[in-house]
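What follows is one structure encoded as C-alpha cells, with my remarks underneath.
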Amino acid sequence: QGQLVESGGGSVQAGGSLRLSCVGSLGTFSGYGLGWFRQAPGAEREFVAYIYQTSHTQYADSVKGRFTISRDNTKDTLYLQMNSLKPEDTAVYYCAAAGGVASTNANRYQFWGPGTQVTVSA
C-alpha cells in the first residue's frame, strides 16, 4: 500500500520562498505520475502542478513562473520549489501519486499525503 509524506511547509512573508518535499513508499516510484494540490480554508482542493516521468510538467496558471515541480527517483522524492510567494498561496499543500498517468484532476490520484501547511503573510 502506497504512502506519501510531505514536509517543508511553514510561515513566510510575501516574496519569500519555500521548498516542499514529499517522500513516497510506492514500490516503483518512477512509474507514478506525481502532483501537488492545495486547499485553502473554505475552498475546494485545487491543482498546483504535476510531473510525469522526469520532464513532462504542467502548472496551474496561478503559479506558473513562480513554482517549479521536480522529482528525484533515486530518493523516491517529489519537490515543489515555491518562489515569490503571495498571501493567496496560503493553503495546506498535498502531494499525490497516480499509477502511470498525471493529471490536473485530483480524482485520478490513488495515493495522498496528509498535507503540510504553508502560510504567507503580507
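The values are calculated or read from the model by the stated rules, or taken from the named source; none is laboratory data. It should be emphasised that the depicted structure is a prediction, and the values quoted were computed from it without experimental measurement. So basically every Cβ, Gly included, is an ideal-geometry build from the backbone, and we count neighbours across all protein chains shown. Quick note on the areas: whole protein, heavy atoms, side chains included, nothing else; ligands and nucleic acids left out. Shrake-Rupley method; radii C 1.70, N 1.55, O 1.52, S 1.80 Å.
Closer than 19 Å to S121 by Cβ, open to solvent by 30 Å² or more (accessible area, probe 1.4 Å) and free of Cβ contacts under 8 Å to residues at least 40 places away in the same chain, is that true of G27? Working first, answer last.
Values: closer than 19 Å to S121 by Cβ: no; open to solvent by 30 Å² or more (accessible area, probe 1.4 Å): yes; free of Cβ contacts under 8 Å to residues at least 40 places away in the same chain: yes.
It is false that G27 is closer than 19 Å to S121 by Cβ, open to solvent by 30 Å² or more (accessible area, probe 1.4 Å) and free of Cβ contacts under 8 Å to residues at least 40 places away in the same chain.
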Please determine whether any residue of the range 43-65 is within 14 Å of L4 (Cα to Cα) and among the aliphatic types (A, V, I, L, M). no
Within the range 1-14, take every residue that is part of a strand (DSSP E or B) and among the polar types (S, T, N, Q) and give me the one that is most open to solvent (accessible area, probe 1.4 Å). Q13
Any chance you could count how many residues in the range 43-71 are at pLDDT below 95, over 17 Å from N105 (Cα atoms) and not hydroxyl-bearing (S, T, Y)? 1
Here the qualifying pairs (Cβ atoms under 9 Å; residues six or more apart or on different chains; first in the range 42-53 and closer than 17 Å to F29 by Cβ; second part of a strand (DSSP E or B) and open to solvent by 50 Å² or more (accessible area, probe 1.4 Å)) come out as Y50/H56; Y50/T57; Y50/Q58; I51/T57; I51/Q58; Y52/Q58
What are the residues in the range 59-89 that are polar (S, T, N, Q) and open to solvent by 80 Å² or more (accessible area, probe 1.4 Å), if any? T74
Please identify the pairs in which a residue from the range 100-121 that is within 19 Å of G31 (Cβ to Cβ) and touching a residue at least 24 places away in the same chain (Cβ under 8 Å) has its Cβ atom under 9 Å from the Cβ atom of a residue that is assigned to a helix (DSSP H, G or I) and among the aliphatic types (A, V, I, L, M), counting only partners at least 6 apart or on another chain. W112/A106
